[in-house]
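**Student:** Just dropping this structure here.
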Amino acid sequence: YLTRKPSSGLPKPPGPKPLPLVGNILNLTTHQLWLRVTDWSMTYGKVIYVHVFGQGLVFLSTAEACIDLLDKRGSIYSDKPHLVMCGELCGCENMAAFTSYGDQMRRQRKLMQRALGPTAIPKYHSLLEMETPWFLKRLLENPEDYITPIRRYAGGMTLLVVYGYQVKSDDDTFLQLADHCIDLLANEIASGGGIWPVDIFPALRRLPEWMPGAGFLKKARAWRAKIEELVDKPYEFVQESLRKGIALPSFCSTLLEENEAQDAQGDFDLRWTANSMYTGSIDTTMTLVLQFFLAMIEHPEAMKKAQKEIDSVVGNDRLPTFADRENLPYLEALFNECLRYGVGVPLSLPHRLMEDDIYEGMFIPKGSLVFANVWNILRDETMFKDAHLFKPERYLEPVDEETAKRRDPKNYSFGFGRRICPGRYLVQSSAWILMASLLATMDISKAVDANGKQIEPEVKYENSIFRMPSKLQMNIKPRSERAVGIIDELTNGQQ
Ligand code: HEM
């Protein structure tokens, strides 16, 4: 990379000035990098180029640039970084979010499309409707610890859909294993873009583990073992349940019964694809739901309006169902606004450019890692007037179809092109039913101190990939005795 000169003589996209050799390492940060990148875009424009030891990083800050490159030139913009530490040493190269552009990626995406495509989702609706009252019950039992039931819902739902596995407790082995691995991935292995010294100097991987400076090899060995455990254990659970004849219908059980995993490649693909869906769903779903909680305490007027709509359509004797969805336009708008305002994955996930490219007179070198600055897109004033405000009403204005499509945050929040999020239809159902049921039965508000004064939330964003709000103090209370009664009736049994 260091020696590559634009053959065309065209300049690379602008960006902050790099230092010799190390490049822009001092300009980067693992803390809310999207804010810094957005600041750069004010100075340098919609395409920004920086490098770290010659590894190019390109940030696309408008929807137009993302669509032009990641969508329309998808045949060269859909590879993934070839990361020595994350991919090879820690074994993540077989997870869907990391697989190189090629046959393995296509096979995995085909399997995920089968499980999570728009036509597959309605078959999970009754499952989701059954899970939701349990979530409400757990939340009511311990509202201060509201994150635990959200985590259990996000993980439990995918374990059920993917493996037919029912989570029985908050300290369930699979949930804990998944939490541990996701934390490793987001905050250790892939934090800071996943680039380790060994990615820049691959020869380092041949160092003996005992040598000073080779501690990363020992870490990688331990992390790899954990990740493989998470891939194998839930899959073996399905195989065992099928042998015993007690398997619940799931993505894995169906494909195993259809003999899709007969040969080694089929088995490998299914194992890793199932794991990719599971790991891909937890922090993302949690982030959206936590952003919803935050929005509700900060915008009580929006909560009241959605509750009024639900009361008038659903009544007070049952929970909302998917059949009610089309009659709840304000709730739909609120859902969209949580997706937009919360920006769960603000820099999306990097795509690797497979060939040199030229865009609007700028030279983008092969091998660059390209990030969609979803944060900036979802704060774009030309699409979302008063973008800094939480305003569900913005989606209710009558506009033509083209404008409505342009202003739909669902078109940006889940990434772009051939790597677009395969779980987007599932979460649009799972998070919607959760929000609808919560609003139907509970009031969420800021906590109050001993003097009855509301405590202003001090939100921190500590995760370097997901914009997940930190734990806050809030008041979560049932709206009425009747609401508690409905939840009790629906959970009158063991789970
Ligand atoms: C609100 C929730 C979610 C958000 C905001 C979200 C967002 C994203 C984004 C931005 C990407 C990167 C796309 C790109 O590279 O252009 C992605 C990829 C991915 N997501 Fe999601 N996601 C969510 C929920 C889910 C769920 C529920 C699942 C699984 C059931 C899932 C599975 C995946 C997988 C496997 C990938 C990697 C795809 C690939 O590289 O080919 N996501 N997601």
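**Student:** If one takes the longest principal axis of the Cα atoms in the chain, at what angle in degrees, from 0 to 90 and to the nearest 10, does the Cα axis of helix 173-184 lie?
**Tutor:** So the inclination is approximately 40 degrees.
**Student:** In what sequence, highest mean first, do 273-279, 362-368, 234-240 appear when ranked by Cβ atoms within 10 angstrom?
**Tutor:** Highest mean packing first, the order is 273-279, 362-368, 234-240.
**Student:** Here is a further query. Net charge around Asp380, counting only other residues with Cβ within less than 11 Å of its Cβ (Lys, Arg = +1; Asp, Glu = -1)?
**Tutor:** +4
**Student:** Report the dimensions of segment 294-441 along its three principal axes from the alpha-carbon atoms, largest first, rounded to Å.
**Tutor:** 61, 30, 29
**Student:** While we're here: Among all lysine pairs in segment 1-121 that are eight or more places apart or on different chains, how many have alpha carbons less than 23 angstrom apart?
**Tutor:** Number of lysine pairs found: 12.
**Student:** Of Ser413, Phe390, Met442, which is farthest along the charge dipole of segment 377-449 in the positive direction, counting Lys and Arg as +1 and Asp and Glu as -1 at C-beta?
**Tutor:** Ser413
**Student:** Okay, next question. What share of Cα pairs, in percent, lie more than 21 angstrom apart in segment 1-142?
**Tutor:** Cα-Cα pairs of segment 1-142 separated by over 21 Å account for 65 percent.
**Student:** Name the residue farthest towards the positive end of the dipole of the chain from the options Pro234, Ala323, Pro478, assuming +1 on Cβ of Lys and Arg, -1 on Cβ of Asp and Glu, about the Cα centre.
**Tutor:** Checked the options; the winner is Pro234.
**Student:** Along Cα→Cβ, 7 Å out, is where each label goes; now give me the distance between the ones at Asp179 and Ala203 in nm to one decimal.
**Tutor:** Using points 7 Å along Cα→Cβ, the separation is 4.4 nm.
**Student:** If you don't mind, there's one more thing I want to ask. Counting only other residues whose beta carbon sits under 13 Å from that of Val231, what net charge do I get with K and R as +1, D and E as -1?
**Tutor:** -3
**Student:** Moving on to the next point. Work through the residues other than Ser470 whose Cβ is under 9 Å from its Cβ and net out their charges, Lys, Arg +1 and Asp, Glu -1.
**Tutor:** Neighbourhood net charge equals 0.
**Student:** Taking 0.36 nm per residue of separation and subtracting the Cα-Cα distance, what length does fully extending Glu298 through Arg406 add?
**Tutor:** 36.2 nm
**Student:** Still on this structure: For segment 298-425, with only Lys/Arg (+1) and Asp/Glu (-1) charged at the beta-carbon, what is the dipole magnitude about the Cα centre, in debye rounded to 20?
**Tutor:** Roughly 420 debye, rounded to the nearest 20.
**Student:** Let me ask you something else. From the P(r) of segment 130-215, can you give the percent of Cα pairs sitting at distances over 17 Å?
**Tutor:** Tail of the P(r) past 17 Å holds 62 percent of the pairs.
**Student:** Here is a further query. Cross-link partners among lysines for Lys218, C-alpha distance below 17 Å, same-chain residues fewer than 8 apart left out?
**Tutor:** Answer for Lys218, where 17 Å is the Cα cut-off: Lys226, listed by chain and number.
**Student:** Continuing with this model, one more query. Taking Cα atoms, how many degrees apart are the long axis of helix 329-342 and the longest axis of the chain, rounded to 10 and kept between 0 and 90?
**Tutor:** 40
**Student:** Taking one equal scatterer on every alpha-carbon of the chain, how large is log10 of I(q)/I(0) by Debye at q = 0.13 1/Å?
**Tutor:** Debye intensities relative to I(0), on a log10 scale: -1.35.
**Student:** For the Cα atoms of the chain, what angle does the longest principal axis make with the long axis of helix 33-44, in degrees from 0 to 90, nearest 10?
**Tutor:** So the helix axis and the longest Cα principal axis differ by about 60 degrees.
**Student:** Sorted by mean Cβ packing within 10 Å, highest first, what order do the peptides 91-99, 118-126 take?
**Tutor:** Final packing ranking: 91-99, 118-126.
**Student:** Let me ask something else about it. Students often check this: by mean Cβ neighbours within 10 Å, which of 484-491, 153-160 ranks highest, and how do the rest follow?
**Tutor:** My ranking of the peptides, most packed first, is 153-160, 484-491.
**Student:** Still on this model: Quick check on segment 362-483: what does the Kirkwood estimate of hydrodynamic radius come out to from the alpha carbon pairs, in Å?
**Tutor:** Across segment 362-483, the inverse of the average 1/r is 18.4 Å.
**Student:** If you don't mind, there's one more thing I want to ask. Among the aspartates and glutamates, select those whose C-alpha is under 12 Å from the C-alpha of Lys137, and discard any that sit fewer than 8 residues away in the same chain.
**Tutor:** Straight-line reach from Lys137, under 12 Å: Asp488, Glu489.
**Student:** Counting only pairs 8 or more residues apart or on different chains, how many lysine pairs in segment 381-474 have their Cα atoms under 25 Å apart?
**Tutor:** Here the count comes out as 12.
Quick note: the coordinates plus some simple rules give every number you see, no bench work behind them. A quick note: this is a predicted structure, and the numbers were derived from the prediction, not measured. Cβ: placed from backbone, ideal geometry, glycine included. Neighbour counts: every protein chain shown.
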